[in-house]
Amino acid sequence: MAAALERALGSVTAAEAAAPPVPVLVLGPAGSGRTALLLRAALAGGGDGPRALFLAPSALPRLPGGGDDGGSGNDRRALQRLELRYPPSPGALARELGAVGAQPRPPGLLLLDGLEQYLGGAPGAPARLAALLLEAARSPGPPRPPAQVLASLRLPPPGPHVLPVLRRYFPSECRLRPAPGAPLHLCACLTRPGAPPRRWRLRFGPHGQLHVAPAGEDSEGDEDTEPDGDEAWG
C-alpha cells in the first residue's frame, strides 16, 4: 500500500507494511508542504529504512530537521541512505530514471518532487512521465517488490487533463490543504484503493520540521469537497 507515506505520518500496520507498494500522488497548492512530506517519507525509519532516491528540478536550500514525533530528518544514518539528484529538464529526468535499473543497488523508495515542472506543454507528457517512473521502480535483478513511488504535484495542475491522466497510474492520493486561519498548519487526507480515507493534522516547526498528529473527531466533516478533475482548479 502507501506504507512509506503512512510511516512518515506516524502510523502503519504490519499488514500495510507487508503489502505491495502502490504509487502515491501528493497534491497541494504552493506552500502546502509537499516537499517536506516527501523528504519525511524518505527519512522515515531512520537508518533501517529503504535506500531512497529523491529527484527534484532544483536543489533544496536545506533538509528539514526532525520533529518531536519520530521524524528522522536529523538522523545521520537516515541521511546516509538518501540520494538527492536534481535533473533540470524532462530529458535529464528521463536519463536519471533510465539509469535507476542499472544501479547495483536500486532504491526501495523513488520520490519525484515538482512533477508539474517536468510536464512541459506536450499532451502526452503526463502519461509518459508516469510510465517512466513506474518502469524505473521495477528492479531488473532477482525477484523483489518494486520500489515505492511518491510524486508531488502542485495544484492547480498545468493543464485540463493532467490529473485524470496521472490518476490512472497513481491509485493512491494524499491531498494537503492549508488549515483555514492557521498559518503553517495543514490537513492531510490519504485515499487508497479499498480502504477508508485517513487524515492527519500537520504543522511546520521553526526550522522546517513537519510535526504530525492524527486528525481528531472534529475532522469527520473535513472532507475534500472540491470536484474531481482539473476543472476544480480552472
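If you go through the range 77-96 one residue at a time, do you hit one that is assigned to a loop (DSSP other than H, G, I, E, B), at pLDDT below 75 and not aliphatic (A, V, I, L, M)? Talk me through it step by step, then tell me what you get.
Let us first name the residues in the range 77-96 that are assigned to a loop (DSSP other than H, G, I, E, B), namely 81, 86-89.
Cutting the leftovers down to at pLDDT below 75 gives us none.
Checked the range 77-96: no residue is assigned to a loop (DSSP other than H, G, I, E, B), at pLDDT below 75 and not aliphatic (A, V, I, L, M).
Taking the conditions exactly as written (under 30 Å from His185 (Cβ atoms) and modelled with pLDDT of 95 or more), does Leu115 satisfy them or not? Give the steps one after another, and end with the answer.
Numbers: under 30 Å from His185 (Cβ atoms): yes; modelled with pLDDT of 95 or more: yes.
Taking the combined requirement at face value, the residue satisfies it.
Is it the case that Val22 is closer than 25 Å to Phe170 by Cα, modelled with pLDDT of 85 or more and in a strand (DSSP E or B)?
Working: closer than 25 Å to Phe170 by Cα: yes; modelled with pLDDT of 85 or more: yes; in a strand (DSSP E or B): no.
Judged against the criteria, Val22 is not a match.
Which pairs do you get when a residue that is without any contact (Cβ under 8 Å) to a residue 60 or more places away in the chain, found in the range 147-171, comes within reach of a residue that is part of a helix (DSSP H, G or I), reach meaning Cβ atoms under 8 angstrom, with the pair 6+ apart or on two chains?
Final answer for the pair search is Pro158/Glu116; Val165/Pro126; Val165/Ala127; Val165/Ala130; Arg168/Ala127; Arg168/Ala130.
Which residues, taken from the range 173-184, are of a type outside the set (Asp, Glu) and either surrounded by fewer than 16 Cβ atoms within 10 Å (Cβ to Cβ) or in contact with a helix residue (DSSP H, G or I) (Cβ under 8 Å, 6 or more places away or on another chain) (or both)? Spell out how you get there, then give the answer.
Keep residues of the range 173-184 that are of a type outside the set (Asp, Glu), which gives 174-184.
Within the range 173-184, Cys174, Leu176, Ala179, Pro180, Gly181, Ala182, Pro183, Leu184 meet the criteria.
Scan the range 26-57 for residues that are of a type outside the set (A, V, I, L, M), in a loop (DSSP other than H, G, I, E, B) and within 15 Å of Leu111 (Cβ to Cβ) and report the count.
6
At least 3 residues that are under 18 Å from the mean Cα position of the chain (by Cα), farther than 16 Å from Gly114 by Cα and modelled with pLDDT of 85 or more in each: list the strands (runs of 3 or more DSSP E) lying fully within the range 136-203 that qualify.
On the way: elements: 148-155, 172-178, 185-192.
Once the strands (runs of 3 or more DSSP E) in the range 136-203 are filtered for at least 3 residues that are under 18 Å from the mean Cα position of the chain (by Cα), farther than 16 Å from Gly114 by Cα and modelled with pLDDT of 85 or more, what remains is 172-178, 185-192.
Any residue in the range 186-198 that is closer than 23 Å to His211 by Cα sitting within a Cβ distance under 6 Å of a residue that is in a strand (DSSP E or B) and among the polar types (S, T, N, Q)? List the pairs, counting only those 6 or more apart or interchain.
Cβ pairs passing all conditions: Arg192/Ser172; Pro197/Thr191.
List every residue pair whose Cβ atoms lie under 8 Å apart, where the two residues are 6 or more positions apart in sequence or sit on different chains, the first residue falls within the range 101-123 and is part of a loop (DSSP other than H, G, I, E, B), and the second residue, located anywhere, is buried (at least 23 other Cβ atoms within 10 Å of the Cβ) and not hydrophobic (A, V, I, L, M, F, W, C).
The qualifying pairs are Gly108/Gln148; Asp113/Arg34; Asp113/Ser152; Gly114/Ser152; Leu119/Pro126.
The values are calculated or read from the model by the stated rules, or taken from the named source; none is laboratory data. The structure displayed is predicted, hence computed values, not measured ones. A quick note on method: Cβ atoms are made from the backbone with ideal geometry, for glycine too, and the neighbour counts reach across all protein chains shown.
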